[in-house]
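Notes follow once the structure below has been shown.
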Amino acid sequence: MAESMQGLKRSHRCAEVSKGNLGEQVTVMGWVQKTRNKGGLIFADLRDRSGLLQITFNSEKISEETFNQAYKLRSEFVIAVTGTVVEREGGVNPNLLTGEIEIAAETLRVLSEAETPPFPIEANSRTKEELRLKYRYLDLRRPDLQANIMLRSKVCMLVRTFLAEEGFLEIETPMLTKSTPEGARDYLVPSRVHPGSFYALPQSPQIFKQLLMCSGYDRYFQIARCFRDEDLRADRQPEFTQIDMELSFVDVDDVIDVNERLLAKIFREATGVEISLPIQRMTWQEAMDRFGSDKPDLRFGMELHNVTDVVKDSAFVVFKGAIEAGGSVRGINVKGQGGMPRKKIDALVEFAKGYGAKGLAYIAINEDGTYKSSFAKFMKPEEMDALATAMEGEPGDLLLFAADKNKLVYDVLGALRLELASQLELFDKDEYRFVWITEFPLLEWSEEQGRYLAMHHPFTMPMEEDLPYLETEPGRVRAKAYDIVLNGTELGGGSVRIHQDDVQERMFAALGFTKDAAYEQFGFLLNAFKYGVPPHAGLAYGLDRLIMLMAKENSIRDVIAFPKVKDASCLMSEAPNRVDEKQLEELAIAVMTAPDGQE
């Protein structure tokens with residue numbers, strides 16, 4: 001039978017009890033991890049968010065009623081125990097913070113009984129994620145998951161403290177906003193008061209934080225909930241959290257400076273890791289040329305080599321065709337893997353095809369310096385030698401090549417580089433390598449829409465020296481934008497914003513917006529700019545990704561209390577779900593049947 005807490009008060013969390021409390025009477029409360037019955041002696045491991053503590057029930061020192069209660073304890077019972085802190089009689093457990101002591105129980109109160117859980121409540125669970133997510137409230141009891149959630153809380157507190165000391169104000173922005181056409185799909189919320197009209201949940205607080213700069217608040221931040229209706233992956237959720245900030249009267253270096261110091265503080269105080277400042281900077285073009293990615297993992301080498309000039313006169317039609325079409329030929333040198341079995345090389349070819357490649361050319365340099373290659377018959381011996389030299393190839397190396405349009409070559413080799421590093425375990429999981437990526441292209445061409453899109457957003461400032469090209473060569477224009485990258489993952493990004501009317505109008509024109517269309521979508525921001533707007537810039541981190549990397553997890557689901565799965569549903573609460581017809585009627589909404597019969 002469950003009892004009440006009347007008259008009881010917890011004195012310590014489990015792992016807060018130490019040798020310094022020897023001889024003291026304490027009251028602890030938590031969940032029973034497991035029990036061991038040794039006849040007249042029962043051991044119970046008590047668990048709360050701080051850790052484990054061993055409780056002993058000695059039949060010779062407690063009442064028969066209390067001992068019988070202890071005998072009936074099972075895993076996940078919630079109990080309160082009052083007793084004396086004593087040294088462990090059964091030997092020290094070095095794996096526990098409380099491994100030198102135990103509680104000699106005097107009284108026991110069962111606060112709640114529990115059914116047998118559908119999986120063990122233990123760290124490093126091997127239970128399928130689907131089952132754990134269905135019973136997330138139980139999964140969240142696991143000590144490794146609790147450590148992640150507590151790390152997240154600590155980081156948020158550190159962020160708030162640091163930014164407040166730097167003169168930032170925490171200001172909330174609306175959750176019900178206006179839908180805009182740029183970026184990912186919006187989640188829409190129907191309005192009952194305005195039938196047929198919809199709010200959008202914010203993809204970011206972008207426009208509102210810029211308005212706050214117009215309003216003179218100088219330095220703003222918010223730990224903001226954001227929503228994007230897009231396909232999921234390991235580091236993406238339909239609802240996520242940003243550490244969002246905006247600063248007035250600043251340029252790129254000012255934003256980078258305050259954020260480097262912020263990162264140094266939270267890593268030092270939350271994980272004990274010292275970040276060496278200043279953090280390395282690299283232009284977008286350099287990152288693409290060297291690593292095939294604008295979020296490069298710098299923990300290992302295997303950089304890309306551009307061999308276009310070396311093979312431009314070769315008879316190999318794959319290389320020749322790519323170059324004639326305006327593309328390039330690039331490769332990576334997989335050191336010491338010249339003896340890789342053909343089956344594994346074929347698997348790499350299939351991997352490359354998954355990123356759009358038509359194939360993957362290779363040269364394996366034998367120990368005697370001869371070549372085993374997929375295209376040697378199309379090359380002269382001196383051409384093969386020149387190619388191997390350009391790739392810094394040595395006996396025992398495997399050289400892999402992609403030939404196509406530059407974007408596809410970057411995508412293929414960038415992904416292949418990461419895949420090989422994972423297979424060959426080339427990086428240290430305990431190493432943190434930060435890099436700022438700067439000077440992104442302002443615009444990128446969309447074949448699907450037949451127009452340029454903003455690589456970041458329509459309010460990003462072009463680099464001043466590139467402004468003359470905005471109308472004539474828009475693809476050449478670089479942005480005053482910056483991303484912070486850690487171990488191949490983009491932690492956050494931002495930019496200097498456009499604050500001049502004429503530049504903003506030119507930007508909208510480059511994106512294919514008429515002036516009227518721009519005002520229809522962003523009129524309240526553009527009107528605000530007519531009344532005096534300071535130069536301003538900002539940045540936003542993906543908090544979930546940041547905590548994922550700090551906790552050394554592979555998925556942001558492991559650092560979010562109640563995450564969604566790949567189809568954006570919640571297995572525990574069964575959201576999204578149907579609603580009553582009456583609710584739909586109030587909103588003037590009719591649910592249509594799709595051609596496949598689904599509603």
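Within the stretch 250-276, take every residue that is closer than 22 Å to K552 by Cα and part of a loop (DSSP other than H, G, I, E, B) and give me the one that is least open to solvent (accessible area, probe 1.4 Å).
I275
Residues checked against (1) open to solvent by 60 Å² or more (accessible area, probe 1.4 Å); (2) within 30 Å of F267 (Cα to Cα); (3) small (G, A, S); (4) in contact with a Phe, Trp or Tyr (Cβ under 6 Å, 6 or more places away or on another chain):
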site: E165; (1), (2), (3), (4): yes, yes, no, no
site: F168; (1), (2), (3), (4): no, yes, no, yes
site: L176; (1), (2), (3), (4): yes, no, no, yes
site: H194; (1), (2), (3), (4): yes, no, no, no
site: F198; (1), (2), (3), (4): yes, no, no, no
site: P205; (1), (2), (3), (4): no, yes, no, no
site: K209; (1), (2), (3), (4): no, yes, no, yes
site: Y217; (1), (2), (3), (4): yes, yes, no, no
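Give just the number: which of (1) at pLDDT below 90; (2) farther than 30 Å from L453 by Cβ; (3) buried (at least 16 other Cβ atoms within 10 Å of the Cβ) does L571 not satisfy?
With (1) at pLDDT below 90; (2) farther than 30 Å from L453 by Cβ; (3) buried (at least 16 other Cβ atoms within 10 Å of the Cβ) applied to L571, the lone miss is (1).
What strands (runs of 3 or more DSSP E) lie completely within the stretch 481-579 and have 3 or more residues being of a type in the set (A, V, I, L, M, F, W, C) and touching a strand residue (DSSP E or B) at 6+ places or on another chain (Cβ under 6 Å)?
Qualifying strands (runs of 3 or more DSSP E): 481-486, 536-542.
I'd like the full set of residues that are under 21 Å from R545 (Cα atoms), touching a residue at least 60 places away in the same chain (Cβ under 8 Å) and buried (at least 16 other Cβ atoms within 10 Å of the Cβ), limited to the stretch 130-150.
Within the stretch 130-150, L133, R136, L140, P143, L145, Q146, N148, I149 meet the criteria.
Residues that are among the aliphatic types (A, V, I, L, M) and surrounded by fewer than 22 Cβ atoms within 10 Å (Cβ to Cβ): does the stretch 239-249 have at least one?
No, the conditions are met nowhere in the stretch 239-249.
How about the stretch 257-300: which of its residues are without any contact (Cβ under 8 Å) to a residue 60 or more places away in the chain, within 19 Å of A415 (Cα to Cα) and not acidic (D, E)?
R290
So which of K358, K429 is part of a loop (DSSP other than H, G, I, E, B), touching an Asp or Glu at 6+ places or on another chain (Cβ under 8 Å) and over 15 Å from M302 (Cβ atoms)?
None of the other options fit; the residue is K358.
Residue pairs, Cβ under 9 Å, 6 or more apart or interchain, first in the stretch 186-207 and over 30 Å from L247 (Cβ atoms), second open to solvent by 40 Å² or more (accessible area, probe 1.4 Å) and charged (D, E, K, R). List them.
Matching pairs, first to second residue: L188/D229; R192/E586.
Can you confirm whether Q69 is surrounded by 16 or more Cβ atoms within 10 Å (Cβ to Cβ) and out of contact with any Asp or Glu (no Cβ under 9 Å at 6 or more places or on another chain)?
yes
So if I check each of S112, S153, which one is under 23 Å from the mean Cα position of the chain (by Cα) and exposed (fewer than 14 other Cβ atoms within 10 Å of the Cβ)?
Just one listed residue meets the conditions, S153.
The values are calculated or read from the model by the stated rules, or taken from the named source; none is laboratory data. Model, not experiment: these values are computed from the prediction. With ideal geometry, Cβ positions are generated from the backbone for all residues, glycine too; neighbour counts draw on all protein chains shown. We work out accessible area using only protein heavy atoms, side chains counted, and drop any ligands, DNA or RNA first. Shrake-Rupley method; radii C 1.70, N 1.55, O 1.52, S 1.80 Å.
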